[in-house]
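The values are calculated or read from the model by the stated rules, or taken from the named source; none is laboratory data. Keep in mind that this is a model prediction, so the values were computed, not measured. Positions of Cβ are generated from backbone atoms using ideal geometry, with glycine treated the same way; all protein chains shown enter the neighbour counts. All accessible areas refer to the heavy atoms of the entire protein, side chains included, with ligands and DNA or RNA removed. Shrake-Rupley method; radii C 1.70, N 1.55, O 1.52, S 1.80 Å.
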Amino acid sequence: MDINDLVTRAEALAETSGQSLSTISRKVLNDGKGLARLKDGGQCTMKTFDTAMATLARLETKHAVDSSLNLTHLQRLEAESIHIMREVAAQCENPVMLYSVGKDSSVMLHLAEKAFFPSRPPFPLMHVDTTWKFKEMIEFRDRRAAEVGMDLIVHINQDGVADNVGPFSHGSAVHTDVMKTQGLKQALDKYRFDAAFGGARRDEEKSRAKERIFSFRNENHRWDAKNQRPELWNIYNTRVQKGQSMRVFPMSNWTELDIWQYIYKENIQIPDLYLSKKRPVVERDGVLILVDDDRLPLRDGEVPMEKMVRFRTLGCYPLTGAVESEAATLPDVIQEMLLTTTSERQGRVIDSDAGASMEQKKEEGYF
Amino acid sequence: MSHLDDLISEDIIAYLDAQENKSFLRFITCGSVDDGKSTLIGRLLYDSKLIYEDQLAAIEKDSKKSGTQGDKVDLALLVDGLAAEREQGITIDVAYRFFSTDKRKFIVADTPGHEQYTRNMATGASTADVAILLIDCRYGVQVQTRRHAFIASLLGIKHVVCAINKMDLVDFDQKVYNDIEYEFREFSKDLGFSDITCIPMSALDGDNVTRGSERAEWYSGDHLLGYLENLDVDSADLDRPFRLPVQWVNRPNLDFRGFSGTVASGVINVGDEIMVVPSGKRSKVKSIVTYDGELDKAREDMAITLTLTDEIDISRGDVICKTDSPCEQADQFQAHVLWMTEKELFPGRQYIIKTANKSAAASITNIKHRVDVNDLSETAVKTLGLNEIGVCTIQTGAPFAFDPYRKNRNTGNFIIIDRASNETVGVGMLDFALRRAKNVHWQDLDVSKKVRAAQKHQKPVMLWFTGLSGSGKSTIANLVEKRLLDLGRHTYTLDGDNVRHGLNNDLGFTKADRIENIRRIAEVGKLMVDAGLITLTSFISPYAQERRMARELQGEGEFIEIFVDTPLEVAEARDVKGLYAKARAGEIKNFTGIDSEYQEPETAEIRINTVDMTADEAAETIVAYLTEHGYLEGAA
Ligand SMILES: Nc1nc2c(ncn2[C@@H]2O[C@H](COP(=O)(O)OP(=O)(O)OP(=O)(O)O)[C@@H](O)[C@H]2O)c(=O)[nH]1
Ligand SMILES: [Mg+2]
């Protein structure tokens, strides 16, 4: 009767399984304090000892099996996103996935491939192109859509094009509203999509933290923040009224770190712009702007210079500031991200106005 | 995100590995209005250094503008993200926030305290493992405290922290704390929590949030974050029965047919025998397919695709189980319902019920009682109003595969959807089935007359009404059908109106046509009986031979002849449709009783004398006959 062996093994199990010693004691000896007593030199009958050893062996095997089936945090997030995507595919008549070419879209596309494998995702991708995206983004977009084998809808607000709307002539606010927000509404109306996937996350912004995974918009694409449907468990009410539509955010519960970690672990393709290299930029109002094509009118005295830069978010190149960085690999980027003390969207000119701006934009139909 | 984790700068790869192995916990804050829920989350985020500089600067600015704490930072503003919330200083909807420590990752939902927004609290609670229930120590246990505790318990939350907050306002008086702890434990002793931990706290100042408190030196327990990091949440018990609610059938081409869904509980291995509920079909797992390659086994919470060794019919809404412990199925349930809309719940109204993978029409047939959140007492009520909780019986239009909610949080729950507005108007947790579909999943039955009848819980039979024109056949048949419908039976009536205009519109009233008319009706009626229906036919059917033919088409005991015996003089005197007058005037040829004969039945099972009996009494007599002869006794 090797009581020492019993106690040591029970302690080891407690350690590896994260259960307390008294929980294990309760299971093997029917007494939460039993193991502690034995450890302090207490005694027990041969019969008790034998049953305890047998139970302990069973718990050890079970723990070994269970832990081979352990799910990591990322695997849980992945499963949740897949569940949401399948629910939309099964319940909605005409869904679409909004693809904005950024890192979050890359993860969303990867999750869609997983969700329906070996089938192709049963919906098209759609990109609302403001015509001022980085050239690299457009190349990347077309290549990825072809590789995955999904239909790609590219929508450009032709009214905006006719009026020559652009960030330089009209300013960032008007440009974004016309080419992005209005363009998106046009596209959703044109194709009559009843559900549109978006890659937004709750950790991005304070009103996003309040938004449901299945988020409803009225016929004018407005979000009524104060009157959202209850959303319990993983049961999603996908029924829409005539004219209503849904935005679905399968990655609501992911954080920025989760996204990066997942990209790293799953080896997901993202545009090169996220990684640092020598690029031509000009410094304007304290922001580094990439000279992506000859549409960038250089101001007096502005001379493009080569700098090691990368982008923390991707949008329209005149509106997206580059950061100087030596981070040329993914782990470097993650490291840099973790060490910074300002939040991700800082680089975006559009979100830095005060207060409830994102909520307002959403109420006006911004995704 | 300045995790003070040295690994970030020293060895980022090792840091990422460490992240992957962290455990994970979801919790909520709840409790009455203004008890400090949002402040507590703000404090947790702030003290775990999860706030970016720019976010903090924004909050400091906002605190001056709309904060409630004078010059101090109002930490609630970190979570109250909607404009209306900041203006009013309250929480309206649940906020989801994320943070992690070296041991664990957390998703926290900050829920609103106002009664009006209870449904948002329930939204947050439905996915939580732990509820932190805040109590303002100046006011003690409030109605909302009780309501939230009760909802948390209904939703199956097992671990509760009772955070007795704002202790700074009572100088950390231990007696105040003890009294509240006693009151709360008394109230919640029947709520089924597996553990309740009480902590004296100041969310505002940070006492016992992420560090201990000198001001509460009499308290020896752990601070909140310590508790959350070390809590032993029964990590999914993988010994539970396997359930895969089928969400989507995966058919990329003719050679592949997979069933996709998220495993609701248990473990499945390649080669395991499975059974589909409700169909009862059986097969074996051929493969577990994922994008990352095939697996040998899969567990609870994984989103997978199964293929089977047999080509069996499975669709969305079915639940794949292992044969050793299939789930139940039923179409009548008792459930706890939380009502979430101003429009009251009325028994009898039609709604849509949706589980994780299936929707169907349903009605609440009865509200057994409402539960009073104050003392958990039961009151008989006719309706449920906003935020009220009741025990109800529910009838669904199709059978659901399910487990009782207390056994399985993933297969025992549903939401209630309003058919007109499509809003989610309530949620429910299944207690048990009121009427089980017997035997169905133990044998893989071929769909037969018997199975169809069993599904409808009745013995199909043909009620053949015969009698003169105007004798009262249709009136009585309609009354009988209504009675049967009230009794929950499935019926159909064939009569001149629905047959003559369609199926038989090529037939006239000659003898040959009359015979053909009856033959077709008998054949159609036979199909309906085969479909499991109680089928009523209401035709003059004047010839004995055709009635015999109709009888012989049906199986033993499935044909009941009902002679509606009204003498010609009486029928003619009534002449409801004026047909006798026309026939006498020679405007209608071959009219039964006038210039065409009616052969009175001699072996009718039921004879109705309409001179002595009202139509209601006649219907009563027929239903009584059916009851006595066992036609209405549940499954065949
Ligand atoms: N003195 C003191 N005040 C506190 C404490 N915790 C919160 N408060 C104050 O109590 C008020 C309400 O705090 P909130 O965090 O908004 O309360 P809540 O529970 O989230 O309110 P609802 O979500 O609207 O139900 C604010 O003015 C807080 O600053 C505390 O520990 N001590
Ligand atoms: Mg609050």
Which whole number gives the average, over all residues in A:199-207, of C-beta atoms from other chains lying within 10 Å of the residue C-beta? 4
Accessible area, probe 1.4 Å, largest first, for residues A:T8, A:T238: A:T8, A:T238
What figure, in Å² to the nearest 10, do you get for the accessible area of B:T475 with a 1.4 Å probe and non-protein molecules left out? 80
Rounded to the nearest 500, what is the protein assembly as shown's calculated 222 nm mean residue ellipticity when only DSSP H runs of at least 4 contribute -39500 (n - 2.57) each, over all residues? -9500 deg cm²/dmol
Area accessible to solvent at B:F98, 1.4 Å probe radius, in Å²: 30
Once fully extended, how much extra length lies between A:R143 and A:E302, figured as 0.36 nm per residue of separation less the alpha-carbon to alpha-carbon distance? 53.8 nm
Shape parameters for segment B:303-398, alpha-carbon atoms, Rg then Dmax in Å: 17.4, 54
Springs between alpha-carbon pairs under 10 angstrom, Gaussian network model over chain A: which of A:A187, A:A52, A:A322 fluctuates most? A:A52
Test of understanding: in a Gaussian network model of chain A with alpha carbons linked when under 10 Å, which of A:L111, A:L288, A:L21 would top the mean-square fluctuation ranking? A:L21
Average beta carbon contacts from partner chains per residue of B:291-300, 10 Å cutoff: 3
For segment B:548-636, report the translational diffusion coefficient in µm²/s to the nearest whole number, using Stokes-Einstein at 10 °C, 1.306 mPa s, and a Kirkwood Rh over Cα pairs. 102
Based on the alpha carbons, how large is the Rg to Rh ratio for chain B when Rh follows Kirkwood? 1.14
So what's the projected area for segment B:7-126, the Cα convex hull averaged over all directions, in nm²? 8.3
The correct ranking of B:S474, B:S126 by accessible area at 1.4 Å, largest first, is B:S474, B:S126
Helix B:174-188 sits at what angle to the longest principal axis of chain B, using alpha carbons and giving 0 to 90 degrees rounded to 10? 20
My understanding is that a pair violates if its Cα-Cα distance is over 26 Å; which of A:K62/A:K114; A:K62/B:K297; B:K281/B:K482; A:K361/B:K64; A:K226/B:K354 do that in this structure? A:K62/A:K114; B:K281/B:K482
Taking loop as defined by DSSP and a crowding limit of 15 other beta carbons within 10 Å, which trypsin sites (Lys or Arg not before Pro) in segment B:291-349 fit? B:K343, B:R349
When only Cα pairs under 8 Å and 6 or more residues apart are kept, what is the percent relative contact order across chain B? 9
Could you work out, residue by residue across A:235-242, how many beta carbons of other chains sit within 10 Å of that residue's beta carbon, and then give the average as an integer? 6
Report the net charge of residues surrounding B:L484, where surrounding means a beta-carbon distance below 13 angstrom and charges are Lys +1, Arg +1, Asp -1, Glu -1. +2
Descending accessible area (1.4 Å probe), largest on the left, turns B:K511, B:K22 into B:K511, B:K22
Computed Kirkwood radius, in angstrom, where 1/r is averaged over Cα pairs of segment A:73-255: 17.1
Taking only C-alpha positions in chain A, Rg and Dmax in angstrom work out to 26.8, 93
If you split all Cα-Cα distances of the protein assembly as shown into 20 Å bins from zero, what percentages do you get per bin, shortest first? 11, 35, 31, 16, 7, 1
Once both axes come from the Cα atoms, what is the angle between helix B:544-553 and the longest principal axis of chain B, in degrees from 0 to 90, rounded to 10? 30
Nearest 0.05, what FRET efficiency do A:Q360 and B:S325 give at R0 = 45 Å with Cβ-Cβ as r? 0.30
In segment A:181-277, trypsin sites (Lys or Arg not before Pro) in a DSSP loop with at most 11 other beta-carbon atoms within 10 Å: A:R192, A:K242
What FRET efficiency comes out for the pair A:K62/A:D2, r = Cβ-Cβ distance, R0 = 25 Å, nearest 0.05? 0.70
Expressed to one decimal in nm², the mean projection of the alpha carbon convex hull of segment B:213-332 is 11.8
Stokes-Einstein at 37 °C, 0.692 mPa s, Kirkwood radius from Cα pairs: D for segment B:7-230 in µm² s⁻¹? 184
Using alpha-carbon positions, the gyration tensor of segment B:75-176 gives root eigenvalues a ≥ b ≥ c; with a/c under 1.5 called rounded, otherwise prolate if a/b exceeds b/c, else oblate, the class is rounded
Reported to two decimal places, what Rg/Rh ratio describes segment A:1-158 when computed on Cα atoms with Rh from the Kirkwood expression? 1.36
Using a Debye calculation, one point per C-alpha and no hydration shell, please list log10 I(q)/I(0) for segment A:267-325 at q = 0.16, 0.22, 0.29, 0.30 Å⁻¹ in order. -0.47, -0.84, -1.37, -1.44
Between helix A:3-17 and chain A: long-axis angle, C-alpha atoms, 0 to 90°, nearest 10: 10
Straight-line reach check, B:K582, cutoff 25 Å on alpha carbons, 8 or more apart in-chain or any other chain, hits among lysines -> B:K473, B:K511
Please report the Cα spread of segment A:168-290 along all three principal axes, rounded to whole Å, starting with the longest. 50, 41, 27
